[in-house]
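Q: Handing you a structure now.
The numbers here are math on the coordinates, done by the rules we state, and not lab data. What you are looking at is a predicted structure, and each value in this text was computed from that prediction instead of being measured. Because the Cβ atoms are built from the backbone with ideal geometry, glycine has one as well, and the counts that use them run over all protein chains shown.
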Amino acid sequence: MIGNPVALTIRRRIERPAPALVDAFRNAPTGFVTDARNGMGSLHHGIKPLLPEMSFVGTAITCYCGPMDILACMAALDFVQPGDVIVISTAGNDTAATIGDLWAIWAKRIGVAAIVCDGLVRDVPGLLAADIPVFARGHCPNAGFRNGPGEVNLGVTCGGIHVGPGDIVVGDRDGVVVVPLADAEAVALRLDEVRRKEADAEAKVKRGEKLAFWNEADLLDKGLLRYVD
């Protein structure tokens, strides 16, 4: 390499979805959102909330932190807006925690809606006391360093899924789902249909009506079903 590497690269201005579009995903189970995305969009199943009841919806601010490094997520707090979700990619590194309780307390105070990390966090009692949803792959007491190189709002791969700044992120007990900003309006329309169909199906079950979980006649017609008794 010629010269010193850049320690931190930041995109300060990003496109954000309209508040009404974010609200279209509010209180939607992540399973409904993935259904509206053709069964896709969820981060790796290992990324889960610290408490089962934690849930959120918001706009992604992305951070890339290399192994044992936390510089990008430290700087990101100066570039968030209320309702943002800080999505931290460590490429799955598990040698040190990326954020702790004091960072989370300040994030909560400035209006951050949630924290999502494909690595580790620490200070769990303090994180819980901060009263902010935290989703991570695990936790350990090791601390990271503020050396870089890191990136803020250049997009990341987190939990195997690309997350761009401004994407809509939804989380609950099942996990975390990302809706790309470019697709968000279309997904929101399909989400309305998913909600309606799920409500109709639930009502049928409560009335004692059996749902059609599979199509026996269609399989028989196509010669794809064989009974052996």
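Q: Run the numbers for Asp218 and Ala7: contour at 0.36 nm per residue of separation, minus the present Cα-Cα distance, in nm.
A: On the way: separation 211, 0.36 × 211 = 75.96 nm, distance 5.99 nm.
Between Asp218 and Ala7, full extension yields an extra 70.0 nm.
Q: Any chance you could give the angle, 0 to 90 degrees and rounded to 10, that helix 184-206 forms with the longest Cα principal axis of the chain?
A: 50
Q: So, one more: Give me the percent relative contact order of the range 167-225, please, defined on Cα pairs under 8 angstrom at least 6 residues apart. Don't skip to the end; give the middle numbers.
A: Numbers: 25 pairs, mean separation 9.7, N = 59.
Relative CO of the range 167-225 lands at 16 percent.
Q: Follow-up. At 0.36 nm per residue, minus the direct Cα-Cα distance, what do Leu128 and Ala18 gain on full extension? Give it in nm, one decimal, please.
A: Result for the pair: 36.6 nm of gain on full extension.
Q: Moving on. Please give every one of the aspartates and glutamates within straight-line cross-link reach of Lys108, meaning a C-alpha to C-alpha distance under 15 Å, and leave out same-chain neighbours fewer than 8 residues apart.
A: Asp78, Asp84, Asp131
Q: Per DSSP helix of 4 or more residues, -39500 (n - 2.57); summed, then divided by the residues of the chain. What does that give at 222 nm, rounded to the nearest 500? If you can, show how the numbers build up before the last one.
A: Values: 7 runs with 62 residues, N = 229.
Result for the chain: -7500 deg cm²/dmol, rounded to the nearest 500.
Q: Where both partners of a DSSP beta bridge lie in the range 8-197, what percent of those bridges are antiparallel, to the nearest 5? Write out the running numbers ahead of the final one.
A: Numbers: 18 of 38 bridges.
Percent antiparallel among DSSP bridges in the range 8-197 is about 45.
Q: For the chain, calculate the relative contact order in percent as a whole number, restricting contacts to Cα pairs under 8 Å that are 6 or more residues apart. It would help to have the intermediate numbers written out before the result.
A: Numbers: 498 pairs, mean separation 65.2, N = 229.
The normalised contact order for the chain reaches 28 percent.
Q: To continue, here is another question. Would any residue of the range 158-193 have its amide N under 16 Å from a label point 7 Å out along Cα→Cβ of Ala201? List them or say none.
A: 190-193
Q: About the Cα centre of the range 33-186, how large is the charge dipole given +1 on each Lys and Arg Cβ and -1 on each Asp and Glu Cβ? Please answer in debye to the nearest 20.
A: Rounded to the nearest 20 debye, it is 280 debye.
Q: Could the peptides 121-127, 146-152, 39-45 be put in order, highest first, of the mean number of other beta-carbon atoms found within 10 Å of their residues? Provide the component values of the computation, followed by the final result.
A: Numbers: 121-127: 18.1, 146-152: 20.0, 39-45: 16.4.
The densest-packed peptide leads the list: 146-152, 121-127, 39-45.
Q: Using the per-residue mean of other Cβ atoms lying within 10 Å as a proxy for protection, in what order, highest first, do the peptides 56-68, 14-26 fall? Walk me through the numbers on the way to the answer.
A: On the way: 56-68: 24.4, 14-26: 15.5.
The peptides rank, most packed first, as 56-68, 14-26.
Q: With the radius of gyration and the Kirkwood radius both derived from the Cα set of the chain, what is their ratio Rg to Rh?
A: Numbers: Rg = 20.5 Å, Rh = 18.9 Å.
Computed over Cα atoms, the ratio is 1.08.
Q: Given axes a ≥ b ≥ c from the Cα gyration tensor, I'd like to know whether the range 133-172 is rounded (a/c under 1.5), prolate (a/b larger than b/c) or oblate. Numbers along the way, then the final one.
A: Numbers: a/c = 2.36, a/b = 1.20, b/c = 1.97.
Judged from the Cα gyration tensor, the range 133-172 comes out oblate (a/c at least 1.5, b/c at or above a/b).
Q: Taking Cα centroids, how far is the range 48-75 from the range 196-229 in Å?
A: Each part reduced to its Cα centre gives a spacing of 41 Å.
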